[in-house]
Structures are given as structure tokens and as C-alpha cells.
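The values are calculated or read from the model by the stated rules, or taken from the named source; none is laboratory data. Note that the structure is a prediction, hence the values are computed from the model and not measured. Here the Cβ is made from the backbone with ideal geometry for all residues, glycine too, and neighbour counts use every protein chain on show.
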Amino acid sequence: MVKMTSRKKESILVVDDAVDTLDVIQRNLITKNYRVITTSSVEKAIAILNKESIDLVITDLKMPKVSGLKLVRHVRENCKETEVMMITGFATPAGAVEAIKTGAQEYLSKPFTDKELFTAVAEVLEKLRIRRATQKQEHDLHPFKYGIIGKSKAMQKVYSDIEKVACAPITVFISGESGTGKELVARAIHYSSSRASAPFVCVNCGGIPEGLLESELFGHMKGAFSGAHEARAGFFQTADGGTIFLDEIGDTSLAMQGKLLRVLQEKEIYMVGNYHPQKVDVRILAATNKNLNTLIKKEKFREDLFFRLNAITISLPPLRERGDDILELIPYFLSKFAKELDKPIPHFSDNSLEVLRNYFWPGNVRELENMIQALVVMTENSTIEVSDLPAFMRFSALPKGGLNRTLAEVEAECIRNVLANVSGNKSKAAKILGIDRKTLRNKIDLYKISSIV
């Protein structure tokens, strides 16, 4: 006999030749808002699977005619969108091993408590949800809103802020850790504004030597310094009518900060070697991964410039605080790099996905992107296993000290692990972490990490 309840959330098919067991499991699962179907034989279960969309099969091991193991094998070979778990009153280590090898995600011994049942079911369905979200052989490569991938509540706040500031003629400060996508937000603001048809110029202030930064930003006159054989416009002139994005502004000197303050106040610049000001119509967006309040206290950043830049702040959340956004990013990057390399799109195993979801991601989205690109290049199989992941990531899957640690302790341990796995090579470590060498050096000093690892 087949009994059905009204449709709730996930659909669960329970198979057991003991009617009492079916009734108990059904009642318990219904209290958790699952849609439950019960049947007493493997043959009837297969008939239901051919007609119904089932998320999880819970099957007894020993049943008349056809065993539960054969049902597990049938589900694995014929129902790709269905998970399966085994229950039995004749539990043995060998039976558990065989069930898992056959394809069961969980193995429960009778009698089990309600809590054990609920926990096992929730864990199996969570793995199924993750796999469905990531194992997309064809993924839409069109970016999400503003070219930024992510649906989390934290990112919805970012999208709302972009909409509010886009057409307002005001300076916007974008804060966030390295690799969170500050430049993407800056581009989104520009291309959503009335300046969209004018230039967008991105300047990495930390990547230009201090002696050249003024000339690069404001241009120079012929003969202004040795090697200046002709006049050349700077980034501000190039961005005239549009937007300039000053990334890593916290790396600029106090002298340069004074010149930038004048641009904000007077809307004019001085080319190097020229004493006549030049008006510019440029919207300024700025960003840094540093704490400017700390720099101000150390007298390394001008407070008056901070107040001008910080009229409106958009804070980008780190990847570890974006919930399931990683499940949107993983298939996007897999598909992107597989197509670039003309390779089949691989997918992550359940265990490797669990490692990715639990990893700290100090380099945020940039680190995830770089890692997936490397995996697509190096992996020959269609499935990426935990063993294919970087060594430091496999090590971090079992962090020392559990969860009772501060964010700084976790970050410091991650940096130590990465340095250890690259024999102390700071350039390699910085690349893996998705940060520049200067930021890495600052963190090494901050956390007092020994240079000998």
C-alpha cells in the first residue's frame, strides 16, 4: 500500500516492510514539513520513482524479494537528482561499509532517536541542495546584477546602495577586504550613472611608485623632470567628464593626499611642471582594504581627506559572510574557464564542496576564481575531489582549536599554513591568498608570524 501526505518541502520516499516503522518515520518527518511517501517493497518504490520527483529515499536493508542495497544501487544509477540513506535493525560494520560503497549517503541503525533521524535527513538533503546548485553542466555566463554574482542578503544591500548613489553627484568610498570586488562596485556605480558614456579610469595607487604617482594622476609638462621629453596627460584628464576610481588610496603619502584633497575641494589639478590650474569634471570613487581610522590615529592618513572621501560608504562583505553565494560563483567560474580552455566542465564532489564552503577564504572571490582556474587547468577527471584541492586548503578543513577562535586567529593560521606549503615564498603565498606582497608583509608583522615556517 502507498500512503501520501499533502506536498510540503522536499519529497521523501520511505521504504520498509514493517508498517509500524513506516508510520513512525512518516509522522516524524511530517512534523518537519517534508512531503512523505511510504511503501513496503522495493518494486513499489521503483514504480514511485518512475512517476514522482523524489529528493530522498530512506530504505530498510533487509526486505522480502529485493534488498535495500539493490534499491540504493538503482537510485544511484537511474535517479541523478535523488539522494538515498539506509536504515537497518541488523547493523554491522561490514553492512555499513557496503551500503556506503553502493551509494548511500547515511546509514542509521535501528532503533534510532528522532533527533538522529532529523539530523541525518537534514545533512543528506543539504548535500543534495549544494550539488544541485553547483553541478550545472551548462551555466549561464551572463553576469548577475551590475556584473556581480551573488544573491545573498549582504549583496542585496550592496546593490541597493549602488542604485542610491549612482546618479548622485557625490564621492563614494568603497571598503572591503582584498578580493571582494571593490572595482566591480565602482564600475557598477559609473555605468549606472549619467556619466556612463564617459571614461571610467581605474588607478591602483598602491601599484605605482610614489615618485611617479603625481605625474600619472595629473600629467606632466615637457621638461618637468628628467625623461619628460613631451607633455603627457594624466589619469584625471583622461577621466574628464567621467569617473576615476582610486583603489588602495590608503597607500598614498600624506603629500599626495593633500593634492587629492585639493582636487576634491577645487575641482582642479596641477600638471607636474605647470603652475596654472586646470579644471576637471571628474567623479571620484575611492577604495581601500585598510582601516583608515587606524591610519589616521597613526597620522598616516589625513583626517580632512577621509571626511571628504567618506561622504557615503559602501561596505563589501567578505566571501565567508555571503552565505550560499559561493554556490553561484563556483559553477560560473567552472564554466567560464572550461570554455576558455575548451575542456569539459568538471564538477566538485560533495566532500570537496564541503571543504570549499567551510574554508575561510582570506582572498575572497579573487582567491576562489584563481583556485578554480588552476583546478580546471590541472584536473584531468570530470570530478574534483578533496585530494585535488590545494594542500593548505585540505589542511584547513580540520582547523586546530575548533570554532572558538577570533577572526584574527583564523586568518593568522591560514597565512602560516600557506607560507609553510610554499616554503616561505612570500610572492607565491600572496598570490594564493589573493593579496599583494605589501599587504602580506603587513599581516605577517601584525600577527608576528615567523619568517621561518
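The residue that is surrounded by the most Cβ atoms within 10 Å (Cβ to Cβ), counting only those in region 15-29 that are over 18 Å from residue 65 (Cβ atoms) and in contact with a strand residue (DSSP E or B) (Cβ under 6 Å, 6 or more places away or on another chain), is 29. Considering only region 308-330, how many residues are among the aliphatic types (A, V, I, L, M) and either farther than 30 Å from residue 260 by Cβ or under 8 Å from the mean Cα position of the chain (by Cα) (or both)? Residues that pass the stated criteria total 5. Restricting attention to region 190-209, the residues that are touching a Phe, Trp or Tyr at 6+ places or on another chain (Cβ under 9 Å) and within 14 Å of residue 166 (Cα to Cα) add up to 4. If you take the residues in region 77-122 that are surrounded by 14 or more Cβ atoms within 10 Å (Cβ to Cβ), at pLDDT below 85 and in a helix (DSSP H, G or I), which one is nearest to the chain's Cα centre (by Cα)? Checked region 77-122; the qualifying residue nearest to the chain's Cα centre (by Cα) is 100. Inspection of region 220-230 finds no residue satisfying the criterion of being at pLDDT below 95 and within 25 Å of residue 189 (Cα to Cα).
Among the residues making up region 328-346, those that are touching a Ser or Thr at 6+ places or on another chain (Cβ under 7 Å) and surrounded by 18 or more Cβ atoms within 10 Å (Cβ to Cβ) are 330, 331, 345, 346.
Inclusion of residue 53 among residues that are within 18 Å of residue 74 (Cβ to Cβ), in contact with a strand residue (DSSP E or B) (Cβ under 8 Å, 6 or more places away or on another chain) and surrounded by fewer than 14 Cβ atoms within 10 Å (Cβ to Cβ) is warranted.
Report those helices (runs of 4 or more DSSP H) wholly inside region 161-258 carrying at least 3 residues which are surrounded by fewer than 14 Cβ atoms within 10 Å (Cβ to Cβ). Give the steps one after another, and end with the answer.
On the way: elements: 182-191, 210-218, 235-238.
Qualifying helices (runs of 4 or more DSSP H): 210-218.
Tell me, yes or no, whether region 268-290 has at least one residue that is assigned to a helix (DSSP H, G or I) and either out of contact with any strand residue (DSSP E or B) (no Cβ under 9 Å at 6 or more places or on another chain) or in contact (Cβ under 8 Å) with a residue 60 or more places away in the chain (or both). Looking for residues that are assigned to a helix (DSSP H, G or I) and either out of contact with any strand residue (DSSP E or B) (no Cβ under 9 Å at 6 or more places or on another chain) or in contact (Cβ under 8 Å) with a residue 60 or more places away in the chain (or both), one finds none in region 268-290, hence no. Within region 330-346, the residues that satisfy the criterion of being part of a helix (DSSP H, G or I) and free of Cβ contacts under 8 Å to residues at least 60 places away in the same chain are 333, 337, 338, 340.
Scanning region 367-383 for residues that are part of a helix (DSSP H, G or I), more than 26 Å from residue 316 (Cα to Cα) and either touching a residue at least 40 places away in the same chain (Cβ under 8 Å) or among the charged types (D, E, K, R) (or both) gives 376, 377.
Just wondering, is there one or more residues in region 18-26 that are part of a loop (DSSP other than H, G, I, E, B), within 14 Å of residue 118 (Cβ to Cβ) and at pLDDT 90 or above? Walk me through it before giving the result.
In the first step, residues of region 18-26 are kept if they are part of a loop (DSSP other than H, G, I, E, B); the result is 18.
Filter once more, keeping what is within 14 Å of residue 118 (Cβ to Cβ): none.
Scanning region 18-26 turns up no residue that is part of a loop (DSSP other than H, G, I, E, B), within 14 Å of residue 118 (Cβ to Cβ) and at pLDDT 90 or above.
Could you tell me whether residue 29 is modelled with pLDDT of 90 or more, assigned by TED's automatic domain parsing to the domain that holds residue 117, in a strand (DSSP E or B) and not β-branched (Val, Ile, Thr)? No, not satisfied. When region 347-366 is filtered for residues that are touching a Ser or Thr at 6+ places or on another chain (Cβ under 7 Å), touching a residue at least 60 places away in the same chain (Cβ under 8 Å) and closer than 21 Å to residue 128 by Cβ, the ones remaining, listed by number, are 347, 348, 353.
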